[in-house]
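Read the structure below first, then the notes.
Any read-out appearing in this document is the output of simple, stated calculations on the displayed coordinates, not a laboratory observation. Predicted model only: the values in this text are computed from it and were never measured. Virtual Cβ from ideal backbone geometry, glycine too; neighbours counted across all protein chains shown.
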Amino acid sequence: MAIREGRFEEPLLNETFSKINSSIGFDKRLYREDIRGSVAYAKALFKRKILAEDEKNDIIKGLKSIEREIAEGGFPFRDEDEDIHMNIERRLFDKIGETAYKLHTGRSRNEQIVLDMRLYLMDASRTIEKKLYALLKALFIKAKNNLKIIIPSYTHLRQAQPVSLAHLFLAYYHALRRDKDRLGDFQNRLRVMPLGSGAVAGSTLGIDRAFLMEELSFESLSRNSIDAVSTRDFIFEFEYICTSVFITLSRISEDLIIFSSDEIGHFSIPDDLATTSSLMPQKKNPDSLELIRGKSARVAGNLISIITLMKGLPYTYNRDLQEDKEGLFDTVDNTAIVIDLMKEVVKGLIVNESRIKVTLDKSKDFLFATDLADYLVRRGMAFRNAHRAVGSIVRYAVERDKDLSDLSLEEYRKYSPSFDEDVYEVFDYLKSVNNHDVTGGTALNRIKDELERIEEEL
Ligand code: ARG
C-alpha cells in the first residue's frame, strides 16, 4: 500500500518531481540503524499491548531477514517508496503481510530519521575516534624517535629558531588530540534518544521511552519533541570536528610538501605514497599529501552546506532536512580515509638528517640571532637595544656574506662592548634548544616530560 493512496486520488508523483523526491539512493546507508530502531520500537509497542507477542516476533523476524537481504545485496529497493523507512516497511509487508502495517503505530518518519542519524553517528564518530587515536600514536612515536634532530623552525615561512623535530610532530599531535577530545564531548550530546516525539507533539501511546533509550544504548531522552525533530546541530557539530581535523591535516600536508621539496629535502615521503609524471620520468610527486589538502575543501564545503541548510528553516520538520545526508556521508568517508592515509605518511616519512644539516650550515648562524640578543640581555642590556644591535650585526654579516660565528670579537664589539670571548658559545644548536626551558618549550628535557605525559594519556 503506498502512503499516497488515502490522501490523493492521483496515485503517481509528477515525473520531474520524482527525480528529487526519493532519497533511497543515499539513505539506504542507514538500513542497519533503521532496523535497529524498528526492532526496539516493536518491543515497545508490545509492552504497550499494541502488538501481540506473535506479531512482535513476526515483525522482528521479518526485519532481521530484511537486514540480511540488504547486507547481501538482494533487496529490491524502489524509488517510489521514497526513503529507507518506507522501503523497509513495504518489504516487511511482502514478508509478513498486514502485521507490518502496525509497526508504524504512533511513530513518525520525522523522529525516525533523527534516530537513524544519531545511531549512525554514534558508530561513525567512534570509528573516526579510533582512527584518530592510531594517527596520534604514530605522531607520538615519530616524535620520540626524532627528539635529538634539530631543525630550523619557521615563522612566515622564513627561518626562525632551532627546535627539536619532535617538537613539531608534537605540535601536530596536540591539534589532533583536541579534535579527539571534541569527539568525546560531541558523543555526550549525541546520545539523546528522540523516539516518542512523534511527528512534532509527542507520542499519544504512552510509549516507554526509557525502555527505548536502554534498548538503543542512549544516555538520555530528548526533553522537547519540537526540538527533537527540528534539530540537526549534532550533524554540523560533527562536521565541524571533521573539518577541524582536515584543516590540521591540510596544514601538515603543506608542511611536508614544502619540506620534502627538491630544494629543501628535509623529509622524503615513501615511494608508495608518491606518484610520478606521465611525461617527466624524474618526478616523485607528493600526490597523497596534495589530495589530503585538496579534500579538505569539500569537507569544509559540506559543513557550510549543512549550516546554510539550517539557516532560517522554520520549526519543525521540513523536507529540506533530507539534504543533510549526502554531505555528511561524504565527510565521514573522506575523513576516515584521510586520517588513515596521514598515519601511513607519518609512519613512512623519512627524515634526511644530512639535508637538514645542509640547511643549518647554510643558515649563516642567523638562527642564533635571538640567542645573541638574549646574550646581551643577560649582560644587562635592554632587550630593544639588544635587538637593534644584533639586527645591525646581521645586516653587517649579510653585506659581507659572512656567518655570524665568523665575525671577530672586534667586529662584535663595534656593536656593543658587552660582547666577550664567550659569545661564540652561543653558536650551539643543542644549547640554544635547551635554553627554551619552560613548560611547552623545545628544551629536550621538557619534550621528554611531554612525551611521558602523552604516553600516559594515550
Ligand atoms: N527522507 C526523509 C528525510 O531524510 C525522512 C523523513 C521524511 N518525513 C517526512 N515527513 N516526509 O528527512
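Within region 289-331, being of a type in the set (S, T, N, Q), touching a residue at least 12 places away in the same chain (Cβ under 8 Å) and away from the ligand (no atom under 11 Å from the Cβ) holds for Ser296, Asn302, Ser305, Thr331. Residues in region 76-128 that are surrounded by 19 or more Cβ atoms within 10 Å (Cβ to Cβ), more than 16 Å from the ligand (Cβ to nearest atom) and closer than 27 Å to Thr331 by Cβ: Ala124, Ser125, Ile128.
Taking first residues from region 112-127 that are at positive phi and partners that are among the polar types (S, T, N, Q) and away from the ligand (no atom under 14 Å from the Cβ), no Cβ contact under 6 Å between residues at least 6 apart in sequence or on separate chains turns up. Scanning region 145-162 for residues that are farther than 18 Å from Arg251 by Cα and touching a Pro at 6+ places or on another chain (Cβ under 6 Å) gives a single hit, Ile150.
Can you name the residue in region 208-225 that is of a type in the set (A, V, I, L, M, F, W, C) and under 20 Å from Thr105 (Cβ atoms) and is also surrounded by the most Cβ atoms within 10 Å (Cβ to Cβ) among such residues?
To start, the set of residues in region 208-225 that are of a type in the set (A, V, I, L, M, F, W, C) comprises 210-213, 216, 218, 221.
Keeping just the survivors that are under 20 Å from Thr105 (Cβ atoms) gives 210-213, 216, 221.
Values: Ala210: 12, Phe211: 14, Leu212: 22, Met213: 20, Leu216: 20, Leu221: 16.
Top of the filtered list is Leu212.
Which of the residues spanning region 123-165 are part of a helix (DSSP H, G or I), aliphatic (A, V, I, L, M) and farther than 16 Å from Lys180 by Cβ?
If we filter region 123-165 for residues that are part of a helix (DSSP H, G or I), which is where we start, we get 123-145, 165.
Applying the additional criterion that residues be aliphatic (A, V, I, L, M) yields 124, 128, 132, 134-136, 138-139, 141, 143, 165.
Scanning region 123-165 gives Ile141, Ala143, Leu165.
Evaluating Lys180 against the criteria (1) over 21 Å from Asn352 (Cβ atoms); (2) assigned to a helix (DSSP H, G or I); (3) touching a residue at least 60 places away in the same chain (Cβ under 8 Å) leaves one unmet condition, (3). Taken over region 26-62, the residue count meeting the criterion of being of a type outside the set (D, E, K, R), more than 17 Å from Gly97 (Cβ to Cβ) and without any contact (Cβ under 8 Å) to a residue 24 or more places away in the chain is 1.
If I filter region 152-162 for residues that are closer than 30 Å to Lys61 by Cβ and more than 16 Å from the ligand (Cβ to nearest atom), do I get at least one hit? No, region 152-162 has no match at all.
If you check Asp365, Asp449 for being of a type in the set (D, E, K, R) and in contact with a helix residue (DSSP H, G or I) (Cβ under 6 Å, 6 or more places away or on another chain), only one passes: Asp365. Cβ-Cβ contacts under 6 Å between residues 6 or more apart (or on different chains), taken from a first residue in region 226-241 that is touching a residue at least 24 places away in the same chain (Cβ under 8 Å) to a second residue that is of a type in the set (Ser, Thr, Tyr) and surrounded by 19 or more Cβ atoms within 10 Å (Cβ to Cβ), are listed as Ala228/Ser197; Ala228/Ser222; Val229/Ser197; Val229/Tyr317; Glu239/Thr331.
Can you pull out every residue in region 405-452 that is under 25 Å from Arg177 (Cα atoms) and in a helix (DSSP H, G or I)? Across region 405-452, the qualifying residues are Val433, Leu444, Asn445, Arg446, Ile447, Lys448, Asp449, Glu450, Leu451, Glu452.
Filtering region 47-78 to residues that are in a helix (DSSP H, G or I), of a type in the set (Lys, Arg) and within 21 Å of Phe211 (Cβ to Cβ) leaves Lys47, Lys56, Lys61, Lys64. Consider region 391-426 and keep the residues that are surrounded by fewer than 17 Cβ atoms within 10 Å (Cβ to Cβ) and hydrophobic (A, V, I, L, M, F, W, C). The one that is nearest to Ile447 (Cα to Cα) is Val394. I'd like to check something: does region 34-42 contain any residue that is within 26 Å of Leu216 (Cβ to Cβ), within 13 Å of the ligand (Cβ to nearest atom) and among the charged types (D, E, K, R)? Yes - at least one qualifying residue is present in region 34-42. Scanning region 319-368 for residues that are surrounded by 15 or more Cβ atoms within 10 Å (Cβ to Cβ), of a type outside the set (D, E, K, R) and over 23 Å from Ala134 (Cβ atoms) turns up Leu321, Gln322, Gly327, Asn352, Ile356, Thr359, Leu360, Ser363, Phe366, Leu367, Phe368. Can you name the condition, by its number, that Gly73 falls short on among (1) more than 14 Å from the ligand (Cβ to nearest atom); (2) closer than 28 Å to Ser230 by Cβ? Looking at each condition in turn, Gly73 falls short on (2).
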